[in-house]
Every structure is written in C-alpha cells, then in structure tokens.
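Any read-out appearing in this document is the output of simple, stated calculations on the displayed coordinates, not a laboratory observation. Just so it is clear, the structure is predicted and the values come from calculations on it, not from any experiment. Note: ideal-geometry Cβ built from the backbone for every residue, glycine included; neighbour counts use all protein chains shown.
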Amino acid sequence: MRIAILGFGSVGRGIARAILAKNLDITVTGLADSKGGVIDPAGIDLAAALDRKGNGGPCGSPDVTPSDVVAKAEYDVLVEVTPTDVDDGEPALGYIRAALGRSKHVVTSNKGPIALAYPELRDLAVANGVFLRYEATVCGAIPLIHAMQEGLAGNTISRLYGVFNGTCNYILTRMAEDSLTYEQALAEARELGYAEADPTYDVEGIDAAIKLVILANTILDMRTTLDDVERTGITLLTPEALRLAEDQDCTIRLIGEVVPEAGVLRVSPRIVSKAHPLVVEGTLNAVTVGTDLAGDLTFIGKGAGSTETASAVIGDLLYIRDRHVQGS
Amino acid sequence: MKLEMKDQPGQLVAALQPISAVGGNIIAVIHQRETLAATEVLDVQIVLELPEEGSLPKLLELLREQGVSVVRIGEQRLLYECTLITIGHLMHTDLSDTVDRIDTTGSAEVTDLSLAMPAINSPSSARITIRSTTRAEMKKAVQILRNVAEQKDLLIIEPLEGI
Ligand SMILES: NC(=O)c1ccc[n+]([C@@H]2O[C@H](COP(=O)([O-])OP(=O)(O)OC[C@H]3O[C@@H](n4cnc5c(N)ncnc54)[C@H](OP(=O)(O)O)[C@@H]3O)[C@@H](O)[C@H]2O)c1
C-alpha cells in the first residue's frame, strides 16, 4: 500500500518509525512538513528523512509544497497529521477535501476537520468510493471508534463518558497525590512535556469538548458544534477540594459526558469514587460506553504520544488495506 | 403511614393501587392481624416514597375514595443524599445564605458541611451534603445551588453518578 504523509512532527515521525521497524508492507511516496516536501513513486527513504528532521532540517525540498504532495504524489491513502485548528480546520481540511476529490482514502489524527466538517467529508468520501478514518483523533491509542463502529455494531449507546484529556488527568492526579496547587502541578506537567506552553486548550476542557463533538457527530448521529458543549475546565480547582473528596474515598476528574437521548454534552470536573474504573492515574485516558446489549464497557489506554497515536493511524491504514486497496 | 381498612378481600389492593397511581414507590407493607376479631378492621402500615411533595394530598384523597382511612402519617424521611464540592469566595459571598436557600425549600436540607480555608483572600473549598425526601426535590436543590453558584461566581463540582 502506498501512502503520503502530511506533517512530520510527533505523530508523523511515530508512523515513519513504526513503518521502518515493522514489516507493514507500506510504502511512503509523498511526505511534507511546514517547510517543504518530497515525492518519490519508488518510495521515500524514511530513515534519511527522519535524520534530516532530527538535525533540525526540513523533511524535503522547499520547492515541493504540501498541496503538491496531495495533488501530484501517487498514493492510495493520504495520512493527514498536521496541527489541529479548531476554528476553520485549515489547512488540513483543504488537503483532505483535495485527496478525497482525487478518490484517495484519508486517515487523519487531526480533530479540526472531523469536528467541523464530518458530514461533508463523509459524503465526499462516499461519492468517491473511498474511506475516511480518524481513530487517532479521540483518545490516541484506544481503538474507541473501531470498537463502537464494529465491535458494538447493533448496540444503542445510551451514555458515553470518561477522561478524554491526559494533561488534565495528570494535573489532577498530582494535586490529589501530593497536595500540589493547580499552578505547581501545571508547571510539573509542562516540564515533563505533558502540557503545552499555552495550556488553555487542554485545561479549559476545549480538547475534551472537541472529542465529544467528534464522537457525537460521527458515531451518535448528533449534529453538534463546540459551542453546544457545556464546558468547565480545571483551572479553579484547589488541593483542598481534592482533599475534601479524598475524605470520602472519592477524587475529582475532568469528565466529558454525552447522553444522546437527553442532549447532554458536557465537560466538567466531577466527584468520582476512587473505586470507579474511570479513575486512572497520570496521563491515561479512560472511557465508559453504556450500551443496551453489551452493558457498560470501559476502555483504558494512552491518549497521546508519538508511537501510541501512530498505532491508531496504522490500525486505520491496515483496515483500509484489508478492505479496499488493490494492486499494492 | 398507618392505614385502617375493612378486613375484606381486595381491600389491601384497594389501598395500594392509589400509591402507584400517584407514581409512588412502596418500600414495605406491615400487616397486623392481631386486632380484636370483633372490629373487622385491618391495620396496615405502609412505608412509601412519593415522587414529589405535592403527591401526598392527592394520595390521601384517592385513599378516602377507596374507603380507606389514614390513621397516621409518619415522619418523612430524607432518603436521598448527594455530596457536592464548591470552590470560590465562600465566606465573602455568605455561605450561610447559600445553605439557607436550600434549607428553606423544606424538603431538602444541608446535613453536612466541611469547609477548608487555606488563606485570606484565596478561594476556599467546601463539601456540602444535601439530603432530600425525593429525587425530584434533590434535583431542585441542586438546581438552586447551581443558580446560587452562578450569581456568586462559585464553581460547583457535581458527582459523576446522576443526581
Ligand atoms: N501528539 C499526539 O500525541 C497526538 C495525539 C492525538 C492526535 N494528535 C493530532 O495529530 C496531529 C499532529 O500532532 P503532532 O503532535 O505530530 O504535532 P507536531 O509535533 O506539532 O507536528 C506537526 C507537523 O505538521 C507540520 N505542519 C505544520 N503546518 C503544516 C502545513 N501547513 N502543511 C503541512 N505540514 C504542516 C509541522 O511541520 P514542521 O515540522 O515544519 O514544524 C510538523 O511536522 C495534530 O492535529 C494533533 O492534534 C496528536
């Protein structure tokens, strides 16, 4: 199978390393980052590209733009792993439209286009007879979307709730463990690379809210936007509040919750019994899916990370290969 | 509540039926036959839960229509409990007023309050336990707390499991 990769950061490089390390039968014929690109129908030397990137250089030539890669490279699947933009989804949205328009499958880890334009993109994929898959957009390594679309097919999902943001979970875990203040725990998370320099997107619950919108719109047949999510972040939490919860064998976690029937879509800190399966430590993610036939299922795993997110992307790629791609 | 009814077949059913008619939930039925045989009256005690405060007069009326007399209505128990945590300038915004707004509903009350005040001028945290007679009253009490929190700029942390 031939793929083109847009974005050669944490996720893009994780995918390249996995392809190099394992015999996945995947050839990369196009690659681009923000500064340039490469197109090679015979297959790009990924080890050399990783080296160039490791030395601070671009992955390719400035003469080849990401749009060139999308429009001209010969590939079966476009892997779109550029940065998320939650306002207009660009430039990823344009790349995805162009690839689908060329009848190329698309796999993405980018929440923007899926949260903003899923119905349009799905219709475009269907019209062109290709797949659009986005497992990596929600909870990194956890195959939540596969599980709900395939494994739980036929079930009605009554409630879906859990820990969707590893950064917040890390901060809350540390506040509970060592009575750190919010500011101290955030500083620690930054030092360890778990939080961005500007943590707003995580700590205000925006990241978790976007994941809820993706699940609501793509799995639960809802038509929602980020503005529909009732959202409270964790910035005002105190170590005393965590201790008050602790006194009753409970703790506080940032929980995203969707109840389709009641139209509930909310992200807020909640008091949770420490015995609850959703109470996971550190940067882990955990999601409970309430269904009619299968009962409650809880998924726990790494919600981010280079290799972990690559795992979800590769799962989507092989799903497509096994069902669709011919002549590779 | 304690009921008195004729010791005839079908009477107990006649007494229980109105309870479900008003959406109530029967928790226990205590049947006593030790009364004097001559009176032909049956004493029954029923422990029940009603969906809301307003259902009680309706239930009494229905029971009267069935010829069942209510001898005594026992104490109302606060069956529902919910614990929340609030963060903010709790003292500056009059914590006792916050508690009062729930207590004055009459059917829900704050039964426990733990307060942690780390330093002057920094936000304090409190754990509030509310008890109520019915689920509907609990929902109402929590909604009152949400409204107060919005007015007073407090953060409310609700339990994961529904109220
Ligand atoms: N990291 C995770 O654990 C994780 C988990 C789930 C989902 N995601 C999502 O996956 C996507 C990639 O994340 P990441 O962590 O790999 O981000 P990243 O490390 O910041 O890498 C982004 C890559 O995209 C390139 N890029 C930026 N603008 C571009 C453009 N206009 N056209 C083509 N390439 C462009 C960057 O180029 P330069 O190298 O030149 O800067 C960089 O190589 C994001 O949408 C993110 O939200 C990430």
- Message: Need one value for A:241-248: mean number of C-beta atoms belonging to other chains within 10 Å of its residues' C-beta atoms.
- Response: 5
- Crossing angle, helix A:306-323 versus chain A [Cα axis fit, 0-90 degrees, rounded to tens]: 60 degrees
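Give me the compactness ratio for the protein assembly as shown, meaning the Cα radius of gyration over 2.2 N^0.38 Å.
1.27
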- Query: Is it possible to state the helix-based mean residue ellipticity at 222 nm for chain A, with each DSSP H run of 4+ residues giving -39500 (n - 2.57), the sum divided by total residues, to the nearest 500 deg cm²/dmol? What is it?
  - Reply: -11000 deg cm²/dmol
- Message: Please list, short to long, the whole-number percent of alpha-carbon pairs of chain B in consecutive 5 angstrom bins beginning at zero.
- Response: 2, 8, 16, 16, 12, 10, 8, 8, 7, 5, 4, 2, 1, 0, 0
- Over 31 Å between Cα atoms, which of A:Lys53/A:Lys302; A:Lys111/B:Lys152; A:Lys35/A:Lys104 qualify? A:Lys111/B:Lys152
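Using the Cβ atoms and a cut-off under 12 Å, what net charge is assigned to the surroundings of A:Pro277, where Lys and Arg are +1 and Asp and Glu are -1?
+1
What is the mean number of Cβ atoms from other protein chains located within 10 Å of the Cβ atom of each residue in peptide A:128-140, rounded to a whole number?
Going residue by residue through A:128-140 and averaging, the value is 0.
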- Only Lys, Arg (+1) and Asp, Glu (-1) charged, at Cβ; chain A dipole about Cα centre in debye: 820 debye
- Note on the structure: For chain A, the longest principal axis of the Cα atoms and the Cα long axis of helix A:206-218 enclose an angle in degrees, to the nearest 10, of 70 degrees
- Item | Under the Karplus curve 6.51 cos²θ - 1.76 cosθ + 1.60, θ = phi - 60°, whole-Hz ³J(HN,Hα) for the range A:15-21, x wherever Gly or Pro sits | 5, 4, 5, 5, 5, 5, 7
- Query: Residues with amide H under 5 Å of A:Arg159's amide H, sequence separation 5 or more or different chain, H placed in the peptide plane at 1.01 Å from N; which?
  - Reply: A:Gly290
- Query: Measuring from centroid to centroid over Cα atoms, what is the spacing of the range A:284-326 and the range A:71-135 in Å?
  - Reply: 18 Å
- How many Cβ atoms of partner chains, on average, are near each residue of A:232-240 if near means within 10 Å of its Cβ? 5
- Of the residues A:Thr181, B:Asn147, A:Ala312, the Cα lying farthest along the dipole of the protein assembly as shown towards its positive end, which is defined by charges on the beta carbon of Lys, Arg, Asp and Glu, belongs to A:Ala312
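Highest mean first, what order results for B:111-124, A:309-322 on Cβ atoms within 10 Å?
A:309-322, B:111-124
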- Message: I'd like the Karplus ³J(HN,Hα) series for the range B:23-29: coefficients 6.51, -1.76, 1.60, θ = phi - 60°, whole numbers in Hz, and an x wherever there's a Gly or Pro.
- Response: x, x, 10, 8, 9, 7, 10
- Message: Using amide H atoms built in the peptide plane, which far-off residues or other-chain residues are under 5 Å from A:Ala304 H to H?
- Response: A:Ala141
- Task: Mind ranking A:228-234, A:264-270 by how tightly packed they are, going by the mean number of other C-beta atoms within 10 angstrom, highest first?
- Result: A:264-270, A:228-234
- Task: Report, in debye and to the nearest 20, how large the dipole of the range A:1-133 comes out about its Cα centre when Lys and Arg carry +1 and Asp and Glu carry -1 on their Cβ.
- Result: 340 debye
- Task: Could you go through the range A:250-262 in sequence order and give the Karplus-derived ³J(HN,Hα) for each residue, using 6.51 cos²θ - 1.76 cosθ + 1.60 with θ = phi - 60°, rounded to whole Hz, and x for Gly and Pro?
- Result: 10, 9, 10, 9, 7, 10, x, 9, 10, 10, x, 4, 8
- Query: Over the range A:146-301, how many percent of alpha carbon pairs lie in each 5 Å bin up to the one with the longest distance?
  - Reply: 2, 10, 19, 22, 19, 14, 9, 5, 1, 0
- Task: Would you work out the charge dipole size for the range B:80-157 about its Cα centre, treating the Cβ of every Lys and Arg as +1 and the Cβ of every Asp and Glu as -1, and quote it to the nearest 20 debye?
- Result: 260 debye
- Message: Output needed for the range B:75-142: three equivalent-ellipsoid semi-axes, defined as square roots of 5 times the C-alpha gyration tensor eigenvalues, in descending order, whole Å.
- Response: 25, 11, 9
- Against the longest alpha carbon principal axis of chain A, how many degrees, from 0 to 90 and to the nearest 10, is the axis of helix A:166-178 turned? 30 degrees
- Placed amide H near A:Val28: partners under 5 Å, 5+ positions off or other chain: A:Ile3, A:Ile44
- Query: Okay, helix-only estimate at 222 nm for chain B: each DSSP H run of n ≥ 4 adds -39500 (n - 2.57), divide by all residues, round to 500 deg cm²/dmol; what do you get?
  - Reply: -9500 deg cm²/dmol
